[in-house]
Structure formats: C-alpha cells, structure tokens
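Nothing in this text is a laboratory measurement; each read-out follows from the coordinates by a stated rule. These figures come from a predicted structure and were not determined experimentally. As a convention, Cβ positions derive from the backbone with ideal geometry for all residues, glycine included, and neighbour counts pool all protein chains shown.
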Amino acid sequence: MSITLDQITKHYGGAPVVNDVSLDIGDGEFFVLLGPSGSGKSTLLRAIAGLSRIDHGRIALHGRDVTHVAARKRGVGLVFQNYALFRHMTVAENIEFALRVRRMRARARRERRAELLRLVALEGLDDRLPAQLSGGQQQRVAVARALAHKPEVLLLDEPFGALDAKIREELRRTIREVQRELGISTVLVTHDQEEAFALADRIGIMNYGRLLEVGVPHDLYSRPATRFVATFLGAANLFLARRTAEGVQLGAAVMPPATATPGEREQEVVAVARPEEVEVAASREELGSRYLGRGVVDEVMFTGALERLRVRLANGADGPLLVMAGAEGEENGALQVTRTPASQRDLELRPGQRVAIGVRRVHVLPTPLSSFTACAMSASLAEELVRQPLLAELVARTLTRVAVRVEPQLGDPAAAPAAPAVGFSGTTVMSGSDGESAQRAEWLLRRGAKDLLVLPPDTAAPQRVLIHWMGEAARSATLAMSASVLRHLPAEAVYVGIFPRESADARQAQGLRALLDARSEAQAAHGLEMRTELRFGEPASELSARLAEAPAQMLIVGVTELSRFGERFRALLDGGRWPVLIVQRGPA
Amino acid sequence: MSFRQASVLPGFGLTFGFTTFFLSTIVLLPLAALVLAAGSMHWSDFWHVVTSPRALGSYRLSFGASLLAASINLVFGFIIAWTLTRYEFPGRKLIDALIDMPFALPTAVSGIALTTVFASNGWIGRYLEPLGVHVAYTWLGVTLALTLISMPFTVRAVQPALLEVQRDLEDAAETLGAARPYVFRRIILPTVLPALLTGFTLSFARAVGEYGSVIFIAGNLPMKTEITPLLIVIHLEEFDYRGAAALGVVMLTLSFAVLLTINLLQGWGRRRHVRAAH
C-alpha cells in the first residue's frame, strides 16, 4: 500500500471535519476523493501532505509512518487549485525549486526540467513568468513543479477548478497520461463527479467528514450503499418500497430480489432507479419493462445526445401507491427520466402528455433508515414532534419524508393501536419529554415499531453517538442502523461494551476481544468506523452514566426482548435528557 | 488609453487640468520660489553658506540619521506588519490602530514625550546613563525620534503586500522540501520587496523633512546634533532668507537624488524580471 490512513480524525471548533477516516491506496493507483464543499476532503488531502495537523490517527506513505513527519520531509507533490506558482520566478526556476532546495547540480537540474516540460507538453516556455501564461499552462507548470523531486505520492487539490471546460478536459487527459507514465500513486480532490469518473481507478466519497463509500466508479454508480452517494453520483429517483418474500414491491411493480436474503422480515426499504433505467410509453402494453404507474410529462429538455424528462406521478386506482422518497413539496412525485435518440424517435413527448411509466432496474439501498413516522397522542403534538430540530435535520439529510400517526391511547397498557391493520414502517419517532417515556416506548415496541427514536424536546444534532446492544440477536441490526445514522450526522461513533461487574478481572480479556470484534464487524459489514469503550456494571445505568458525562450525545441501543422493559429503560428514557434510538430485533 | 473612454470621474481633460493645477500651486510654485530666492544670491555667497562646516555637519546628521531610521523601520516595520497580518491575537485591532498614532500626534508632542523618557533622569534614560549610553541630546536621540515618526509608513506599505503572499505559496514551497528560513528568503521576501522599498523610501522622505520632534530631543549643538531643517529656521530667525533658501535648495536636491535612486533601483529590478522572460 502506498498510502495508508488509519482512523484519521481532525476537529475544528469541537465538530469533526475529518471523522475516523481509514483508507488504503495502492501503488500507482489514481484515487479520487469526491464530496461537496465542506465535506473534509481538502483537509484530508492537506493532512496527507503534512500541512494540516491531525488530532487522532496514523498516516503511512509506502509503509513509512509519517504521522509526525514535517511536510517537507514527506516526499509528496502537491498541486493547488489556484496554481500557487512563485510569481517572481520563471517557469524554469519554479520547476527547479525542489531541485535547488536539494542542491542538485545545475546541469542535472536542466535535464530534469526539460524532461518535466516535455511530460506536461510545455517545451520552450522555460523563461516565461507565470503571469505570461494562460491558466491551463500555469497549472501544467504547477504539475511539473510538484513532480520535480520524484515524489512517492502526487496530491491534487481541485486542480481544474479555475479552468474553463475545454482546457479542463485537455489538462485532465495530460494528468492521466503523466500519472500512467510515471506510475505514481495519486490522490485527487474534487466536487465534480464527472471528473471523478473520468480519472479515477477508485473513488472515495466524503460527506460531513466521513468517508461514506469507496469503490470503482461503476460499482458506486450502479450499487450505491447510501442515499447521499446515490444522489451525488448523477441523478437518481428515490422510492419508498417494500421488501417482501417475492421481491421488492415498488408501485405496481414487483422486482425479483437481486440477492436473496432468506428470513428477512417484510420491511420498508429505499429503492434507487437511475433516470436511464426508467421507461415511458404511450400505454402500459407498449412498455418493454415492468409497469410502475401512470404519469404526466411535466417538462421536456433537449440536452444534445440525451433528452431529459420530468414526469409527474399520477397515482391511479389501478395499483398500489408509488411513493417518492423525497418530501420536497410540489417537487415530490416528479420522476427524472433520460431518453436516447432512438426512443425519442419512437415516441415524441410534449408537456402535458399522459404516459405509462416502467422501470428496467432498481437498486435497493441497504440502509434501515427509510422514512420517519412521528407518533403522538394528538395531531398537534405529532406536528410539534415533526418540527424538532434533530428530526428535521435527519429527514432533510436522508432525503426522506416524515409521516404523522395519531395514537390517542399511546402508552395505555389496556388499549390496542388505533389502526392495528397498518403496521409501523420505517423509523417511529416519539416525544421523550416526560416521566412516562419508557412506558410509551414499550407500548409502541410491543405493537410493532421496530426502530423507535425517542426524542426529547429541542435536541440538536449530537456530536457523539454511543452504540450498545443488549443481546447478540440485535447486534447486526444495531450496527446497520448506527452506520446509517452516522452517515447523515457529523458525529463520532463510540461502541460501549458493558459486562457484569462481578468477576471484572476475568472478563477483561473477553471484553476487549468483544470490542475488537464489534469494531471489525462494523468496519467490514457496515463501513462504520467507531471507537470502543469497555465498562463494567448494569447496562442501562452504565449507559445513562456515560450519557450524563457530556452534552450533545445520543444513544443507539439494540434490544432483543421486552421483558422488564420499563424497569430497565426508565433511567435511560424518562426525563428526556438525550435522544435514544431503540432497535428491536427479536430472536427469529 | 483613449481620451474618450468613459470613466466615473468627469473627462480626462478636466481631471488632468486639476492635477496640473494642484501640483503647480501646491508643489512646484513654492519650490520654484525657493530656487529663485536662492538664485538671487551671488554664487560665492551661495557656496559659502551651503558648504559652511555647520551646514555640512547638519547634512550628515539629517541624511545619516534618516537613512538609519528608515533602515531600522525596514526591519522592525516588517516584523510588526508580519505579526499584524499573520496572527490572530487579542488586542490585534488595538495595536493596528496604535501604528497610526505617530501620524496623528503633533510632532512636538512626540519629541517632548521621547525626551521625557530618554533624558538622563527619564524613565529609561536613567538606566541607560550608567551604561554610558546617552540618548537624549545626541545623534542617537535624533535617530530615535525619526524612527518613531516614520515607522507607520513602512508598516502600512508592507501590510497589503504581506496579505497578498498566499498561504498556498508557503505550503507549496514546504511540500517541495524547503525549510522555513529558505521559504522566507526565496518566496516571501522577494514578493514583498517592492513594498518594502516603497516603505523605506516613504520613511526616509518623512524623516528628512522632520523638524518638530527632533528639536526637543536633539539638544541642537551646532556641528553635533543640529539637523538641516533647524539650521534653516535659525537662518530665518536671523532674517537671512537667502541663506535659508540656499540650504533649502541643497536639501531639495539631495532628497530628490536619493528618492530618484531608489525609484530607479526598483524599476531596474522590475525590468530585470521582464528581460529574463524573453
């Protein structure tokens, strides 16, 4: 491995800007760090270069630990968005800078300079000043300068940001060629997914300081694991669908499962259909793919090779409701479709036209966070719950919607739910403001709520999320839920392992092993980086003690059975001091 | 540039007219009057006045102390500007505002304040005296006064240039293997050099013309701590207007020569780069 990052964390003013990032980049690999501005990608790059100190973690370049090595001794080449050429020096002096620092002989310097100028196709411009060059030429000089001292790693920070489209493409090709020719491990930071696709061997996508997913461009595009990646890498239609024994039910269509997951209970899931996988036809019979529902063409946009459509869903009486995951008012229900010239010729479309919609392929996201249902004893209380800042933030960040469910007898042990026929789907949310939270939570869990978020009033986004499960059966689901929540919140994850206090000494080794197991499972199966803590005592009281230690913490706790629930959870839930997300998975 | 090009200010003709008018009435006319007044002297009289040992001593002090003061400001003004642009610390705004104080104070006040502190019984002077360092009433005091009143020029000239040296340039140099002193010498200094020279020139010009603050701390011993502006005033007090004018012309010539040299040096530095580019 030429670049190894191990649990890199950097805080800025309390909030993590780089959050537990671990990554291996191979020899000669072209790795692209992709993310929106403020996602921490540039900070991570500067940390690799040694220009930005990290608070935690380890950086190794070609097996050499450089965590505490100064930037000038790391042997990296760095290219900046604004070129950062030395304006009082000529092109030749700029390129030879690193060689001069190393006291290389004039003749050897000249030879190396000629070689580099050939590499970036700038022969003969040795004596120009940067101000006399175009932006594209300046960036070529910057690349040549960064390569002069034969660095082991080339780092590029938005190198095309300041260039216009045509120059950008030329320079992109040059950089790819240079990288191949030298076989140098390269990390490029960008917010442009097209650029990432064009250059990358592998892409790592960052958001809120976390490295969300890493993979080859095609896999990330066709099988994203998170909503963020699905929508950030090109356009995506997100649906709320149901996974049943037959497959994924999406509107009128039932898609056979791509991978069989036997024993999986029926549940709400988030399905992704790319605009090019959606088909429109004049009638249901003319569709070449599975019928999804009806729609009305809203907008037709010609973009050269492809035609872009927006089709508004018109859910009729002829099939189950098709629900888009996003909840952006009028925008909801507008499907994005792209069509090739061939299908444009077959059927000409105008705004206002009624069409049948089909889908060729959908991808189901592995996230357990599908949608939210705010549950309260009255509609006004439920509406109040919807406006809670943490819930509003989660809903906005997971691009989903929040439904309202009124249970007048919430918490009354004698009463059945108002509408027992309709099960709880997605994550149920209840208010955790008073002394009866544990009782109400039990009531909801006993009546079918699987994931329950107990939300005290005015809770802001947590800075730390504690994770624990009571019973091994809930382990995998709790980790999956934690991974999903933490992908949408800029918080650090801490797994708290708790063992009985008696025989603590004997349990120490066993406990540590359990922590390591939990950590590696989180990393391998769910892409979640978490720290671990070991405590001894009774779980609920240990957890509430830990939660009381610092403000802005949240708990995600897995449970397997509900016996003595009120007794066990009173300390955690009553009084409403922190948000608690309960993940219930009975032993199958 | 075309004369008809639209601009915020009314036409080129009008603005150019104003410029010439103001320069003429405020700068050129008085200077011409000065030269004329001196010109009405007989050549040998003129020569006698401007080469008297007392006059020569005053030139040496005036220009020597001014150059020294400007050089001191070159170093310390740079350090102050660096601190103010590079670091965030409590009270930064206050210090930034303090820099301009010498501009606002009547120079006589600065002179009196300095004398109070550095006189042989002053706050600092009393500790320097036993060490054999006499500040007040020596050339050292003159230099100190000139340094104080010309310091803002260097700081204010260098500050914007330092802001322009982007952090990226230093980062780039560092990743290329350069240590901090090397980065300073090869990257930061060359970038701010023109601004430093401008600051030096302005400081020097201000120091040569200074009168108010110096006369209090200098002691004004002929040949030793008497600056040329003071000598001119002495001539005036004796109603020797021509003698004063003659000394004025010499100061004018010498100052102009120094400023022109620095300007030419700067221009030469710039041209050297452009030439290197072809």
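Okay, here's what the table says:
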| read-out | value |
| --- | --- |
| Lys, Arg +1 and Asp, Glu -1 on Cβ, resulting dipole of region B:144-278 about Cα centre, debye, nearest 20 | 580 |
| Cβ-defined net charge surrounding residue B:53, 12 Å radius [Lys, Arg +1; Asp, Glu -1] | +2 |
| Environment charge at residue A:228 (Cβ cut-off 13 Å; Lys +1, Arg +1, Asp -1, Glu -1) | +3 |
| Estimated dipole of chain B in Debye, rounded to 20 [Cβ of Lys and Arg +1, of Asp and Glu -1, Cα centre] | 720 |
| Beta bridge orientation in the protein assembly as shown: antiparallel %, DSSP, nearest 5 | 55 |
| Trypsin sites (Lys or Arg not before Pro) within region A:52-144: DSSP coil, no more than 11 neighbouring Cβ in 10 Å | A:53, A:103, A:105 |
| Under 5 Å, built H, 5+ apart or other chain: amide partners of residue A:67 | A:59 |
| Residue-wise HN-Hα coupling along region B:72-86, computed from phi with Karplus coefficients 6.51, -1.76, 1.60 (Hz; x: Gly, Pro) | 4, 5, 4, 6, 6, x, 5, 4, 5, 4, 4, 4, 6, 8, 8 |
| Range in chain A, longest, excluding exposed GluC sites (Glu not before Pro) [loop by DSSP; at most 14 other beta-carbon atoms within 10 Å] | A:349-501 |
| Sites excluded, GluC sites (Glu not before Pro) in DSSP loops with at most 11 other C-beta within 10 Å, longest stretch of chain B | B:89-237 |
| Charge sum, other residues only, whose C-beta stays under 13 Å from residue A:444's C-beta, Lys/Arg counted +1 and Asp/Glu -1 | 0 |
| Contact order normalised by residue count of chain B, Cα under 8 Å, 6+ apart, percent | 29 |
| Most mobile of B:212, B:132, B:13 in a GNM of chain B (Cα contacts under 10 Å) | B:13 |
| Under the Debye formula (equal points on every Cα, no solvent term), log10 I(q)/I(0) of the protein assembly as shown at q = 0.05 Å⁻¹ | -0.48 |
| Overall form of region A:64-197 per C-alpha gyration tensor (a/c, 1.5; a/b vs b/c) | oblate |
| Along each principal axis, Cα extent of region A:372-584, largest first, Å | 51, 36, 31 |
| Average beta carbon contacts from partner chains per residue of A:135-148, 10 Å cutoff | 1 |
| Whole-number percent relative contact order across region A:165-281, with pairs defined as alpha carbons under 8 Å at least 6 apart | 16 |
| Interchain or long-range residues, amide H under 5 Å from residue A:269's placed H | A:241, A:242, A:243 |
| Rounded Å value of the spacing that divides the Cα centres of region A:212-232 and region A:1-78 | 21 |
| Average partner coverage of B:164-173, which counts Cβ from other chains inside 10 Å | 6 |
| Mean separation of Cα contacts under 8 Å, 6 or more apart, over the residue count of chain A: relative contact order % | 11 |
| Residue mean of other protein chain beta carbons inside 10 Å, B:177-185 | 4 |
